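What follows is a short report on a single structure.
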Amino acid sequence: MNPDTADTSTAPHVVTKKAVTGWVLYDLANTIFAMGVTTLLFPLYVRGIVGEDKVDGVFSKITAVSMGTIFILSPLLGAMTDRAPRRMPFLLVSTLICILLTMTLGTINLAISATCYILANIAYQAGTQFYDALLPEVSNETNRGKIGGLGVGIGYLGSYIAVVVTSLEALNNPTNYPLQFTIIAVLFLLFSLPCLFFVKERGNPNPRPFGLKMAFESLQQTVNTLKDSKRYPGLGRFLIGRVFYTDPINTVMIVMVLFTMNVALGSGLGEEAANGKAKAVMAFAITFAIAGGLLWGRLADKIGPKLTLNIVLSFWMFNFILGFCIGVFSLPLPFLYVLAASAGLSLGGVWSADRPYMLRLTPPDRIGEFYGLYGMVGRFSAITGPMVWAASTSYLINVKGYTALKSQGISMLFLLAMMIVGFIILQKVDDKPRDWEKLRNA
């Protein structure tokens, strides 16, 4: 059997335009949450309570708890979906949990909101894992980069929507945080519905029960998978490399609005004007992220996901060098727009390239489990990156006496170092299609 066309079901693989549209729109839906809650509203909500000097540390710790939990759960969730008749019910439940918890944010106090945010983010991250594993249901080997890139590009329109909602004059004050969180949650729901209705899975022809015993067996199978490099060539190295290159990217996504705010404040703007400037810069970055998703996805189909990802990671190295210069030398605002454009373009490329890259390393009957590993290393990096960032900026501010902006600029060098390590690790991983039947019998 050709591994690239292998199917876990006897049903023909028919991809409809409705299914592709629904899958793409879910990327838009969860990006509304990611940008609206994780990047914009919740960090600013925390900043308003704890202050400028403490927000990096407090928000990074909240994020680390959330990502640490999903890091542990990811492989088990993936194994469960491989054994279940369908993945869609898992996506439905995780989406609804995230939406309901988002509606509670900012309604009581920081402790309650932090708890609800942690749980909402866990549900969001789990949903992203289930969603990624549905890519084979709406694509084939020849157009996987294009469809994945389309999801990334259209998905970033959700960031525009989030920026617009959080920038509306009628909503843009601290007392309206609960209303803004609720609007984000409702939009997440509306744009997720087409995926939940229109993506029809081929289904699992051999569903199996999943209990405590099966959970331990799945964990052992995951460990054996990572050890067995002959059957899964390049997988372990790819996952290790992914830790290092997603670490700085996840950190930037979490702290970019705080960095932008500090650059704007450093240019002489007041608090309110700096807030508006930060959102304008974010919108500028999103424009390039949309273009990046569409561009890089098509490029991945033409030159392969490995070479595409190499080019994208090179862009990221430039971004961190520029971020260092902006923070340390207090470069004027136009340089921030250059950084925003380059970072947006780079951000769209990462997910457009590494999702199809991962599928090249994944046997068709273990997509859920392997995407659990893929998600697990991403979550691990989302723990370590923000914690390193928080420790670095805290030391530079409290011990060295540097400003918040200069401290963030210097901390960009840590992100650059991790990106370089990830890039080097990936070079020995090829993206050639695997003959899974042959590898199983090796």
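The number of residues in region 76-87 that are within 20 Å of GLY22 (Cβ to Cβ) and either without any contact (Cβ under 8 Å) to a residue 12 or more places away in the chain or touching a Leu at 6+ places or on another chain (Cβ under 8 Å) (or both) comes to 1. Going through (1) of a type in the set (A, V, I, L, M, F, W, C); (2) in contact with a Ser or Thr (Cβ under 7 Å, 6 or more places away or on another chain); (3) surrounded by fewer than 21 Cβ atoms within 10 Å (Cβ to Cβ); (4) not in a helix (DSSP H, G or I) one by one, ILE118 falls short only on (4). Here PHE90 does not qualify as touching a residue at least 24 places away in the same chain (Cβ under 8 Å), in contact with a Lys or Arg (Cβ under 6 Å, 6 or more places away or on another chain), in a helix (DSSP H, G or I) and within 23 Å of VAL377 (Cα to Cα). ASP354 falls short on exactly one of the conditions (1) in a helix (DSSP H, G or I); (2) at pLDDT 85 or above; (3) over 24 Å from MET80 (Cβ atoms), and that condition is (3).
Taking region 308-339 as the range and being free of Cβ contacts under 8 Å to residues at least 60 places away in the same chain and among the aliphatic types (A, V, I, L, M) as the test, the residues that pass are ILE311, VAL312, LEU322, LEU331, VAL338, LEU339.
Please go through (1) modelled with pLDDT under 90; (2) closer than 18 Å to PRO386 by Cβ for THR16 and return the number of the only condition it doesn't satisfy. Failing condition for THR16: (2).
Taking each residue of region 190-216 that is under 23 Å from ASP365 (Cβ atoms) and looking for partners that are part of a loop (DSSP other than H, G, I, E, B) and modelled with pLDDT under 70 with beta-carbon atoms closer than 6 Å, six or more apart or interchain, yields ARG202/SER9; ARG202/ALA11; GLY203/SER9; PRO205/SER9.
For region 208-229, a residue qualifies if it is at pLDDT below 70, in a loop (DSSP other than H, G, I, E, B) and not small (Gly, Ala, Ser), and the qualifying residues are PHE210, ASP228. Out of all the residues in region 379-392, is one or more modelled with pLDDT of 90 or more and in a helix (DSSP H, G or I)? Yes: region 379-392 contains one or more residues that are modelled with pLDDT of 90 or more and in a helix (DSSP H, G or I). Residues that are over 24 Å from the mean Cα position of the chain (by Cα), surrounded by fewer than 23 Cβ atoms within 10 Å (Cβ to Cβ) and touching a residue at least 60 places away in the same chain (Cβ under 8 Å): does region 276-291 have at least one? There is at least one residue in region 276-291 that is over 24 Å from the mean Cα position of the chain (by Cα), surrounded by fewer than 23 Cβ atoms within 10 Å (Cβ to Cβ) and touching a residue at least 60 places away in the same chain (Cβ under 8 Å).
For (1) charged (D, E, K, R); (2) at pLDDT below 85; (3) in contact with a Pro (Cβ under 8 Å, 6 or more places away or on another chain), each residue gets a yes or a no:
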site: PRO3; (1), (2), (3): no, yes, yes
site: ILE32; (1), (2), (3): no, no, no
site: GLY36; (1), (2), (3): no, no, no
site: LEU41; (1), (2), (3): no, no, no
site: GLY48; (1), (2), (3): no, yes, yes
site: ASP56; (1), (2), (3): yes, yes, no
site: PHE59; (1), (2), (3): no, yes, yes
site: LEU73; (1), (2), (3): no, yes, no
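Table: residues versus (1) at pLDDT below 90; (2) closer than 20 Å to LEU416 by Cβ; (3) buried (at least 24 other Cβ atoms within 10 Å of the Cβ); (4) touching a Lys or Arg at 6+ places or on another chain (Cβ under 8 Å).
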{"position": "THR308", "(1), (2), (3), (4)": "no, no, yes, no"}
{"position": "PHE329", "(1), (2), (3), (4)": "no, yes, no, no"}
{"position": "GLY368", "(1), (2), (3), (4)": "yes, no, yes, yes"}
{"position": "TYR374", "(1), (2), (3), (4)": "yes, no, yes, yes"}
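The values are calculated or read from the model by the stated rules, or taken from the named source; none is laboratory data. All values derive from a computational prediction rather than experimental measurement. For neighbour counting, all protein chains shown are included, and Cβ atoms are generated from backbone atoms with ideal geometry for every residue, glycine included.
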